[in-house]
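> Pasting a structure below so you can have a look.
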Amino acid sequence: MSTRARFDRGHTDDLISFLAASPSPYHAVASAAERLEKAGFRQVGETDAWDASTGGKYVLRGGAIIAWFVPESATPHTPYRVIGAHTDSPNLRVKPLPDSGGHGWRQVAVEIYGGPLLNSWLDRDLGLAGRLSLRDGTSRLVNIDRALLRVPQLAIHMDRGVVSDGLKLDKQKHMQPIWGLGDDVREGDLIRFVAEECGLDAADITGWDLMTHPIEPPAYLGRDRELLAGPRMDNLLSVHACTAALATAATAPDADALPYIPVLAAFDHEENGSQSDTGADGPLLGTVLERSVFARGGTYEDKARAFAGTVCLSSDTGHAIHPNYAERHDPTHHPRANRGPILKVNVNNRYATDGGGRAVFAAACEKAGVPFQSFVSNNAMPCGTTIGPITAARHGIQTVDVGVAILSMHSARELCGADDPHMLADALLAFLEG
Ligand code: ZN
């Protein structure tokens, strides 16, 4: 089974649509589910009884999605091949009593989610999106995708030190967006506005998870349009590549003869530590994989055999060599844009990759016909972490950290090579197909 170059720039075009349609984790999982539905996947309820049927299935829970394809050839102890990512990105999120302001300005009180580059959120036109929880127990997505809010930077005339001393932002005082004019700020104004936008009665909105997003759409950039600029590439770039790889694996002519059960696991809350019912440090993935074994008539022994043979490629963004700060990188590890996905290594287990994991990823890339690069941080500059080590420890499955090298990680608008997303998808697909 050859998987050479199954994805191309068409994949990156679709990534642009995916990013634009996914201003919140809840939208991201809906965008993934929409693509999986087109590939024949069907949603299964967590409170329903599961059966032994084959084919593509998925579970949605908040901002997380677990999807898997059971081939005809599967036994109860068939191992899984998991590709993992996270759906959340650093941003500004609406506080419980958001209606605020002063001096004639209306403002929305926000909390800082994760670790954004705060400066990158200044002077951008922002929309508002997320999830509304309704009185009748249902929830619905909302996306007000127009210039609605803005965090205005202080004029240079009132902050003369900004050039010499750098910009200093107080997370509480300086990051509250304005969204209009008025002295008559009343509690409930924002939710009444959101209700109106959605054609709902404000009294029916009894809970909400709302966040801001830059409305500028993603765009190809550079002399030859060889780069892609856009929001939330950390880590919707990976969620999108994982979704495309799983959908392609499940619709290939020989899908029912796959030696593994391919799985997509996209979690929420990576940016603040993964400890939630929809985060990688929760039981969601393990419960789904275990229930799938039992639904196929398996025993605890079958589950243990399946998990022992399971491997996970956890994909997240990493750092491309920055031309203005090359000294911040390790002297010999310089990931470049459009040179293929990266293998992420850290011997102190901030990344889960080991030599055996490297071999797994090298084999997948070789089979896919894509190059890969190694990322390791400068010893004086500790690296970030991701869901890889958590997944390995939580479920006891071999895990390899991979991804795509980008610039401006955690900026409101990040930058990557336009060909790396489709090379990542090719490597993930080759891995799923074994
Ligand atoms: Zn990330």
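The values are calculated or read from the model by the stated rules, or taken from the named source; none is laboratory data. From a predicted model like this one, the values you see are computed outputs, not experimental measurements. Note that each Cβ is placed from the backbone with ideal geometry, even for glycine, and that neighbours are counted across all protein chains shown. To get the accessible areas, we keep the full protein, side chains included, count just its heavy atoms, and leave off ligands, DNA and RNA. Shrake-Rupley method; radii C 1.70, N 1.55, O 1.52, S 1.80 Å.
> What is the number of the single condition among (1) in a loop (DSSP other than H, G, I, E, B); (2) surrounded by fewer than 24 Cβ atoms within 10 Å (Cβ to Cβ) that residue 358 does not meet?
Status for residue 358: all satisfied but (1).
> Have a look at 268, 254, 234 and point out the one that is away from the ligand (no atom under 14 Å from the Cβ) and acidic (Asp, Glu).
Details: 268 fails: away from the ligand (no atom under 14 Å from the Cβ); 234 fails: away from the ligand (no atom under 14 Å from the Cβ).
None of the others qualify; the one that does is 254.
> Moving on. Quick one: which of 159, 125, 136 is surrounded by fewer than 20 Cβ atoms within 10 Å (Cβ to Cβ) and at pLDDT below 95? Steps first, please.
On the way: 125 fails: at pLDDT below 95; 136 fails: at pLDDT below 95.
Of 159, 125, 136, the one residue that is surrounded by fewer than 20 Cβ atoms within 10 Å (Cβ to Cβ) and at pLDDT below 95 is 159.
> Return a yes/no flag: does the range 395-414 have any residue that is out of contact with any helix residue (DSSP H, G or I) (no Cβ under 6 Å at 6 or more places or on another chain), within 15 Å of the ligand (Cβ to nearest atom), among the aliphatic types (A, V, I, L, M) and open to solvent by 20 Å² or more (accessible area, probe 1.4 Å).
yes
Rundown of residues vs (1) surrounded by fewer than 19 Cβ atoms within 10 Å (Cβ to Cβ); (2) more than 16 Å from the ligand (Cβ to nearest atom); (3) touching a residue at least 12 places away in the same chain (Cβ under 8 Å); (4) in the same structural domain as residue 79 (by TED's automatic domain parsing), yes/no style:
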residue	(1), (2), (3), (4)
348	yes, yes, no, yes
378	yes, yes, yes, yes
383	yes, no, yes, yes
390	no, no, yes, yes
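> Let me ask something additional. Restricting to the range 373-390, and then to whatever is assigned to a loop (DSSP other than H, G, I, E, B) and under 21 Å from the mean Cα position of the chain (by Cα), can you tell me which residue is modelled with the highest pLDDT?
Filtering the range 373-390 down to residues assigned to a loop (DSSP other than H, G, I, E, B) leaves 376-386.
Add one more test, that the residue is under 21 Å from the mean Cα position of the chain (by Cα), and what stays is 383-386.
Values: 383: 82, 384: 84, 385: 86, 386: 89.
Within the range 373-390, the match that is modelled with the highest pLDDT is 386.
> From the residues in the range 305-327 that are among the small types (Gly, Ala, Ser) and surrounded by 14 or more Cβ atoms within 10 Å (Cβ to Cβ), which one is farthest from residue 262 (Cα to Cα)? Steps first, please.
Step one: filter the range 305-327 for residues among the small types (Gly, Ala, Ser), giving 306, 308-309, 314-315, 318, 320, 326.
Adding the requirement that they be surrounded by 14 or more Cβ atoms within 10 Å (Cβ to Cβ) leaves 306, 309, 314-315, 318, 320.
Values: 306: 12, 309: 13, 314: 13, 315: 15, 318: 24, 320: 29 Å.
Top of the filtered list is 320.
> Output the number of residues of the range 59-100 satisfying the condition of being within 17 Å of residue 397 (Cβ to Cβ) and polar (S, T, N, Q).
So the answer is 1.
> Further question: Only one residue in 323, 283, 259 is assigned by TED's automatic domain parsing to the domain that holds residue 423, more than 16 Å from the ligand (Cβ to nearest atom) and under 26 Å from residue 24 (Cα atoms). Which one? Working first, answer last.
Details: 323 fails: under 26 Å from residue 24 (Cα atoms); 259 fails: under 26 Å from residue 24 (Cα atoms).
Result of the check over 323, 283, 259: 283.
> Of 200, 246, 210, 228, which residue is under 28 Å from residue 139 (Cβ atoms) and buried (at least 24 other Cβ atoms within 10 Å of the Cβ)?
On the way: 200 fails: buried (at least 24 other Cβ atoms within 10 Å of the Cβ); 210 fails: buried (at least 24 other Cβ atoms within 10 Å of the Cβ); 228 fails: under 28 Å from residue 139 (Cβ atoms).
Being under 28 Å from residue 139 (Cβ atoms) and buried (at least 24 other Cβ atoms within 10 Å of the Cβ) holds for just one of 200, 246, 210, 228, which is 246.
> Is there any pair linking a residue in the range 257-273 that is closer than 22 Å to residue 430 by Cα to one that is away from the ligand (no atom under 14 Å from the Cβ) and assigned to a helix (DSSP H, G or I), with Cβ under 6 Å and at least six apart or on different chains, and which?
262/246; 262/249; 262/432; 264/246; 265/285
For every residue, the table says whether it meets (1) within 18 Å of residue 274 (Cβ to Cβ); (2) in contact (Cβ under 8 Å) with a residue 40 or more places away in the chain; (3) open to solvent by 10 Å² or more (accessible area, probe 1.4 Å).
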position	(1), (2), (3)
37	no, no, yes
42	no, no, yes
61	yes, yes, yes
76	no, yes, yes
104	no, yes, yes
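> Would you confirm whether or not the range 328-341 contains a residue that is more than 16 Å from the ligand (Cβ to nearest atom), open to solvent by less than 10 Å² (accessible area, probe 1.4 Å) and within 24 Å of residue 419 (Cβ to Cβ)? Before you say what the answer is, go through the steps one by one.
Going residue by residue through the range 328-341, those that are more than 16 Å from the ligand (Cβ to nearest atom) are 328-334, 336-340.
Now narrow it down to the ones that are open to solvent by less than 10 Å² (accessible area, probe 1.4 Å): 340.
Filter once more, keeping what is within 24 Å of residue 419 (Cβ to Cβ): 340.
Yes.
> So which residues in the range 215-252 are out of contact with any helix residue (DSSP H, G or I) (no Cβ under 8 Å at 6 or more places or on another chain) and under 17 Å from residue 116 (Cα atoms)?
Result: 215, 229, 234.
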